[in-house]
Amino acid sequence: MLEAGVTIEKALAWARTILTENQISDDGVHDSAAIDSKVLLCAALGCEQVYLHTWPDKVPNKTQIQTFQQMIEKRILGYPVAYIIGFKDFWSLRLAVSEATLIPRPETELLVELALNLALPNTSQVLDLGTGTGAIALALASEQSKWSVTGLDKSHDAVNLAKKNGKDNGLPEVEFIQSNWFSSLSSEKKFELIVTNPPYIETDDYHLKMGDVRFEPASALTSGEDGLDDIRFIIHESVNFLVKGGWLLIEHGNRQGDRIADLLVSKGFSNVKIEYDLNEHARVTMGQFI
Ligand code: GLN
């Protein structure tokens, strides 16, 4: 229990200890208990992190301390930080999140970088499949104002959230449509670029019982026994929606790169490449439809 009248410094120390004791946020590498404590206290105080460092002796008011305590209690149950505070920063954007969608991950910024590095025409048509919060679609649109970007998701709640994120980030021109993969697209529609961070986890992967994924929608995470059901479908269908020379970029799990590269090659894609994230995990496989 946090007593009223504690300073910022004491509140942080209390939260860090209790999160560490409960082995929350512990990936064995980062002091995530300290990071989570700061993010949650900032949310409770409505301040930036620099404020905590500048004013460690300030005493938050009673409501702020109560809010912080409730947030820490949720976190102890494993509830993801992003769901507690209601947003996640991704690329240069602040994105509202909800339990209808996956929480954007920093690894996905690799996919955004790779897409931006392609030599695509200025006025490209771009499609983000399974857009969730709209993270990838909005990041691309924020860098390439002439691209015409569409995000699809089969969840209505996700589509509404993505639309809100577009407006809140000054990108209302990005179009979000409810669609089960390509189902709502006219067969005439063609894209220079299709990107996706689809569900790709194996249905019985033990990781699903650990950390944030326990609270995220299974429909955004798992995809059959080998995790590749949706990716196979996307590769198979995407050729009907790509212009000649168009690219398909797929985010995936660590051990799936070779199989996805083979699928792309067997569907006739060229220039197939597997790209690695900062942890040196195979993370994105891409190919060009020529
Ligand atoms: N990268 C997420 C994880 O491993 C999974 C995201 C996904 O299935 N697209 O937690």
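The values are calculated or read from the model by the stated rules, or taken from the named source; none is laboratory data. Predicted, not measured: the structure shown is a model, and the values here were computed from it. Note: ideal-geometry Cβ built from the backbone for every residue, glycine included; neighbour counts use all protein chains shown.
Values for this structure:
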| quantity | calculated |
| --- | --- |
| Listing of strands (runs of 3 or more DSSP E) fully contained in region 87-193 that carry 2 or more residues being within 11 Å of the chain's Cα centre (by Cα), within 16 Å of the ligand (Cβ to nearest atom) and not hydrophobic (A, V, I, L, M, F, W, C) | none |
| Candidate set: region 1-31, residues that are surrounded by 17 or more Cβ atoms within 10 Å (Cβ to Cβ) and modelled with pLDDT of 90 or more; chosen: the one farthest from GLY78 (Cα to Cα) | ILE8 |
| Condition met for VAL265 (surrounded by fewer than 19 Cβ atoms within 10 Å (Cβ to Cβ), in a helix (DSSP H, G or I) and among the β-branched types (Val, Ile, Thr)) | yes |
| Unmet requirement for VAL243, which otherwise passes all of (1) crowded, with 22+ Cβ neighbours inside 10 Å; (2) of a type in the set (Val, Ile, Thr); (3) more than 12 Å from the ligand (Cβ to nearest atom); (4) touching a residue at least 40 places away in the same chain (Cβ under 8 Å) | (1) |
| Conditions (1) farther than 22 Å from GLU109 by Cβ; (2) within 15 Å of the ligand (Cβ to nearest atom); (3) polar (S, T, N, Q): number failed by GLN256 | (1) |
| THR101 vs. criteria in contact with a Ser or Thr (Cβ under 9 Å, 6 or more places away or on another chain) and surrounded by fewer than 20 Cβ atoms within 10 Å (Cβ to Cβ) | no |
| From THR285, THR203, residue being in a strand (DSSP E or B) and within 21 Å of the chain's Cα centre (by Cα) | THR285 |
| Residue among ILE234, ILE201, ILE194 that alone is touching a helix residue (DSSP H, G or I) at 6+ places or on another chain (Cβ under 8 Å) and either modelled with pLDDT under 95 or closer than 27 Å to ALA119 by Cβ (or both) | ILE194 |
| Criterion: surrounded by 15 or more Cβ atoms within 10 Å (Cβ to Cβ), of a type in the set (Gly, Ala, Ser) and out of contact with any strand residue (DSSP E or B) (no Cβ under 7 Å at 6 or more places or on another chain) - qualifying residue of SER148, SER155, SER142 | SER155 |
